2 protein chains.
Amino acid sequence: MVNPRPAELVVKVIPEPVLRRLPVYYQYLKKIVQDRPVEYISCTRISEDLNTLAIQVRKDLEITGAEGRPKVGYKVAEVIKAIENFLGWNNTTEAYLVGTGNLGSALLGYQGFKDYGLNIVAAFDSSPEKIGKEIRGKKVLSVKKLPEMIKRMGIKIGILAAPAAPAQELANMMVEAGIKAIWNFAPVKISVPEGIIVQHENLASSLAVLSKRLALLLAER
Amino acid sequence: MVNPRPAELVVKVIPEPVLRRLPVYYQYLKKIVQDRPVEYISCTRISEDLNTLAIQVRKDLEITGAEGRPKVGYKVAEVIKAIENFLGWNNTTEAYLVGTGNLGSALLGYQGFKDYGLNIVAAFDSSPEKIGKEIRGKKVLSVKKLPEMIKRMGIKIGILAAPAAPAQELANMMVEAGIKAIWNFAPVKISVPEGIIVQHENLASSLAVLSKRLALLLAER
DNA sequence: GTTAAATAGATAAATATTTATCAATAAAAG
DNA sequence: CTTTTATTGATAAATATTTATCTATTTAAC
């Protein structure tokens with residue numbers, strides 16, 4: 001007889017596609033309750049509205065721990081909570097943003113982050129004209145202060161919205177100072193030591209999918 | 001004996017993960033040649049620099065039709081061209097942008113798009129203060145003119161950077177006027193008729209992956 | 001020349017992810 | 001109260017994607 005591993009050690013690894021779909025349900029359900037009070041909703045209904053398969057929705061929700069009732073469906077509020085808890089969006093995480101160009105400014109002004117438990121508390125830039133000013137209500141500090149501030153405030157997430165050229169160096173600086181996760185919007189792959197998380201955000205990747213699909217579409221007939 | 005399908009009808013469908021990786025190679029290779037003139041590069045080298053597996057790189061490049069030589073590797077310039085051709089980035093596609101808030105403005109100012117064969121030729125907004133002005137050098141027109149302009153210019157790609165609320169309506173308007181592909185940055189899933197492409201860009205999805213991985217990292221030990 | 005090394009290309013195996021099927025359950029209809 | 005229906009939850013199958021193995025080829029070193 002084989003001894004099963006103790007439950008604590010079985011770290012169930014969640015497929016990335018599932019993780020990426022959860023926020024879609026989350027946004028959808030939040031909109032649902034906002035538009036009109038709905039207590040229950042079924043996977044069938046969700047899948048029709050989001051144009052996917054009911055089985056997939058069921059599988060995905062199962063992972064969050066949400067439980068439904070036959071013939072009725074899931075309690076909307078419970079699913080929202082389940083997704084929040086599962087993703088760790090129930091309590092706020094503070095982050096620093098580095099680079100206040102077009103994209104950086106847009107990210108600073110994005111109101112949606114607070115729904116996802118993310119709070120950008122300050123921005124950093126190297127340009128003297130920007131340092132000391134405020135952008136979208138957030139203080140802009142000199143990148144020279146970045147390491148010290150990361151340490152002092154115990155910041156764990158860094159959002160990198162700098163140009164390609166200085167991106168790697170800025171990432172090194174952040175990691176050195178104790179950042180554990182970098183959300184990278186710079187159009188280069190950055191290297192980090194083992195144990196540090198990098199989430200690469202690449203517009204070009206999405207555009208590639210779009211371009212190819214459009215090309216195929218226009219080519220057929 | 002089974003008759004194989006004629007070659008023209010065998011539309012080889014490309015896995016989305018592959019499509020998403022191609023721009024990463026593309027950016028990497030462009031940077032390589034920019035930094036110093038390199039004629040050949042091997043999969044091994046690429047995989048080391050990008051921290052992936054050589055086999056994957058080889059498989060991915062194979063799809064673009066690039067050919068390498070044993071012991072030497074691929075001609076850098078040829079791979080770049082192969083990716084461009086494969087994704088249809090070799091000739092420019094014109095696009096309209098709808099919504100000139102923080103994100104819309106950032107997209108208007110993004111210089112990288114021209115490398116990917118995308119040219120945002122005009123922007124549309126409903127706010128009277130913005131109409132008639134220029135943002136990042138691009139004219140802002142009234143959304144009322146959107147359908148007419150799409151038809152007149154034969155625009156095929158619409159970039160939707162509006163708030164969630166009007167997103168669906170704007171999408172409808174675009175499709176009605178002849179748009180074939182929508183790059184959607186609004187934080188809602190939008191529905192379109194069969195045959196129209198929607199590429200959903202969801203920051204929350206990426207953040208979900210980051211959040212979960214960070215939570216797991218901080219939880220261990 | 002001959003041999004060794006590095007690499008692409010082809011084929012096969014392994015793994016991850018999606019989709020389908022079936023059984024159990026609770027609500028609603030008759 | 002019984003039957004029907006819609007639904008979840010569990011299990012299984014199918015498909016997609018990644019990773020490994022093997023072979024052939026080309027270059028460079030000896």
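Details
- Helices (runs of 4 or more DSSP H) contained in region A:1-116 and holding at least 3 residues among the small types (Gly, Ala, Ser) and in contact with a helix residue (DSSP H, G or I) (Cβ under 8 Å, 6 or more places away or on another chain): A:102-109
- Of all residues making up region B:195-221, the number that are under 26 Å from A:Ile32 (Cα atoms) and more than 10 Å from every other protein chain (Cβ to nearest Cβ): 0
- Residue satisfying all of: in region B:21-48; exposed (fewer than 14 other Cβ atoms within 10 Å of the Cβ) and more than 15 Å from DNA strand D (Cβ to nearest atom); farthest from the other protein chains (Cβ to nearest Cβ) among these: B:Pro37
- Neighbours by Cβ (under 8 Å, 6+ apart or cross-chain): first from region A:111-130, within 23 Å of B:Val209 (Cβ to Cβ); second in a loop (DSSP other than H, G, I, E, B) and aromatic (Phe, Trp, Tyr): A:Asp115/A:Trp89; A:Tyr116/A:Trp89; A:Gly117/A:Trp89
- Qualifying residue in region A:78-99 (condition: within 13 Å of DNA strand D (Cβ to nearest atom), aliphatic (A, V, I, L, M) and farther than 23 Å from A:Gly117 by Cβ): no
- Neighbours by Cβ (under 7 Å, 6+ apart or cross-chain): first from region A:83-109, surrounded by fewer than 19 Cβ atoms within 10 Å (Cβ to Cβ); second among the acidic types (Asp, Glu): A:Asn90/A:Glu84
- Every condition in (1) at positive phi; (2) not assigned by TED's automatic domain parsing to the domain that holds B:Phe124 is met by B:Gly195 except one, and the failing one is (2).
- Residue within region A:117-132 that is under 30 Å from A:Cys43 (Cα atoms), at the interface with chain B (Cβ under 10 Å from one of its Cβ atoms) and more than 16 Å from DNA strand C (Cβ to nearest atom) present: yes
- Region B:110-128 - residue that is over 20 Å from B:Ala165 (Cα atoms) and charged (D, E, K, R) and, of those, surrounded by the fewest Cβ atoms within 10 Å (Cβ to Cβ): B:Lys114
- Number of positions in region A:182-194 that are modelled with pLDDT under 95 and facing chain B (nearest Cβ under 7 Å): 4
The values are calculated or read from the model by the stated rules, or taken from the named source; none is laboratory data. Given the structure is predicted, the values throughout are model-derived calculations rather than measurements. We place every Cβ from the backbone using ideal geometry, glycine too, and count neighbours over all the protein chains shown.
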